[in-house]
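Read through the structure below, which is laid out as structure tokens, and then see the notes.
The values are calculated or read from the model by the stated rules, or taken from the named source; none is laboratory data. Bear in mind that the values here come from a model prediction, so they are computed numbers and not experimental data. Using ideal geometry, Cβ is built from the backbone for each residue, glycine included, and neighbour counts are taken over all protein chains shown. In case anyone asks, the SASA skips ligands and DNA or RNA and just uses the protein heavy atoms, side chains included. Shrake-Rupley method; radii C 1.70, N 1.55, O 1.52, S 1.80 Å.
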Amino acid sequence: MSLAAASPRLRSTPADDRRHDWTHDEVAALFALPFNDLLFRAQSIHRTHFDANAVQLSTLLSIKTGACPEDCAYCPQSARFDTGLKAEKLMPLAEVVKAAEDARANGATRFCMGAAWRSPKDKDIEKVSEMVREVKALGLETCVTLGMLEARQAKALKDAGLDYYNHNLDTSPEFYGEIISTRTYEDRLETLANVRDAGVKVCCGGIVGMGESDGDRVEFLRALANLPQHPESVPINELVAVKGTPLADAPPLDPLDFVRTIAVARVLMPQSYVRLSAGRTEMSDETQALCFFAGANSIFYGERLLTTTNPQNERDRVLFAKLGIHNDIRVDGGARLIEEAACC
């Protein structure tokens, strides 16, 4: 008997299929499904809520780079690791606006700004709020990731017009201490609660390929799905092993394991955008195509993420044209369709 048949809760997809009470065994059963069965289930759920051939495009800009006091083992921006990264101060407003204009012209509908802070000061929030207002005025959705936030800071960003706040859980609660020691899982959850209470949408995901076990991947996705509300955006990163970080020699993740992670995320969080984030440079077109079939419907688009490379725009345009994928435009004043895929 298949796992799907053995578990009544894996049989059907109700109209409102958002759940917040997943058990470890249920999520593990999804991961254990035959590959084709899992992808069929994920694709079926995806089509219930989204255009199956649309992908949302986000561009990510590092507005303040390096010198972060945290010790996240994957991060080249940590001041504790010698990665050759040059620390930079907060970018001037005009440069941020120009980058946002370029992103919009290249097809992005969401502009994400990241600063390497443990937690911003109130004066930093004032400057970032001005960036949010200016980028929002361009007709783009706005997202920032600034570290841990106090409730008043989250409210200030909301008042500036912020749409999304990114704060990843990174991995499972059990494996978290192997990756980060300078803050706790509870710290992460508190920031997410502050953001949600302020009325800002949540962008929250994590990284796979850091040496975690299969069970850790189960618990990572279960933690996301069992939040009081599903994150509206769920970035799934594959580790980019950067020289000088503790994870520099981490073995690469099997591509099919990554696709499975995307598919399970889609099943658990059926109405969220699931984003292919870091690691796409090393992914084949075939792996990315499987990820889109498994329910991924957002990517970071542009030549760089915060400090690591990303597939160039032209490669993405060619891939989208091959797959018949078009840009998911749901924002007033949002970007045009990618010309090469406009026929779809």
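Accessible surface for ARG19 stands near 40 Å², nearest 10, in the context of the full protein assembly shown (1.4 Å probe). Per-residue Karplus couplings for the stretch 317-327, computed as 6.51 cos²θ - 1.76 cosθ + 1.60 with θ equal to phi - 60°, are listed in order as 4, 5, 5, 4, 5, 4, 8, x, 9, 10, 6 Hz, Gly and Pro entered as x. The phi torsions of the stretch 175-190, fed into the Karplus equation with coefficients 6.51, -1.76 and 1.60 and a -60° offset, translate into couplings of 8, 4, x, 6, 10, 9, 10, 8, 7, 10, 4, 5, 4, 4, 5, 5 Hz, rounded to whole numbers, with Gly and Pro shown as x.
Taking every DSSP beta bridge that has both residues in the chain, what percent is antiparallel when rounded to the nearest 5?
Details: 1 of 34 bridges.
Restricted to the chain, the bridges split so that about 5 percent are antiparallel.
Of the solvent-accessible surface of the stretch 248-291, computed with a 1.4 Å probe over protein heavy atoms with every protein chain present, carbon and sulfur atoms account for 54 percent.
Stokes-Einstein, applied to the Kirkwood radius of the stretch 45-136 over Cα pairs at a viscosity of 1.567 mPa s and 4 °C, places its translational diffusion at 85 µm² s⁻¹.
With Rg and the Kirkwood Rh both taken from Cα atoms, where does Rg over Rh land for the stretch 24-97?
Working: Rg = 20.6 Å, Rh = 16.9 Å.
In the stretch 24-97, Rg relative to Rh is 1.22.
Residue pairs exceeding 29 angstrom between C-alpha atoms, taken from LYS86/LYS158; LYS64/LYS243; LYS98/LYS155; LYS86/LYS322; LYS89/LYS322: LYS86/LYS158; LYS86/LYS322; LYS89/LYS322.
Per residue, how much accessible area does the stretch 130-214 have with a 1.4 Å probe, in Å²?
The answer is 37 Å² per residue.
The phi torsions of the stretch 162-174, fed into the Karplus equation with coefficients 6.51, -1.76 and 1.60 and a -60° offset, translate into couplings of 5, 8, 10, 10, 9, 8, 7, 6, 6, 7, 6, x, 6 Hz, rounded to whole numbers, with Gly and Pro shown as x. Amide H to amide H, with H built 1.01 Å from N, SER298 comes under 5 Å of GLN56, VAL274, LEU276, counting only residues 5 or more places away or on other chains. In the assembled protein chains, ARG133 presents an accessible area of approximately 110 Å² (probe radius 1.4 Å). At q = 0.20, 0.21, 0.23 Å⁻¹, what is the log10 ratio I(q)/I(0) for the stretch 135-229, with the Debye formula run over Cα points and no solvent? For the stretch 135-229 at q = 0.20, 0.21, 0.23 Å⁻¹, log10 I(q)/I(0) is -0.94, -1.01, -1.13.
Taking every C-alpha pair closer than 8 Å and separated by at least 6 residues, the mean separation divided by the residue count of the chain gives a relative contact order of 23 percent. When the residues MET148, MET113 are ordered by accessible surface, computed with a 1.4 Å probe over the protein chains alone, the sequence from largest down reads MET148, MET113. At a probe size of 1.4 Å, how large is the accessible area of LEU189, to the nearest 10 Å²? We get 70 Å² for LEU189. The helix-only estimate of mean residue ellipticity at 222 nm for the chain, built from DSSP H runs of length n ≥ 4 each weighted as -39500 (n - 2.57), is -11000 deg cm²/dmol after division by the residue total. A simple charge model with +1 on the Cβ of Lys and Arg, -1 on the Cβ of Asp and Glu and nothing else charged puts the dipole of the stretch 139-196 at about 240 debye relative to its Cα centre.
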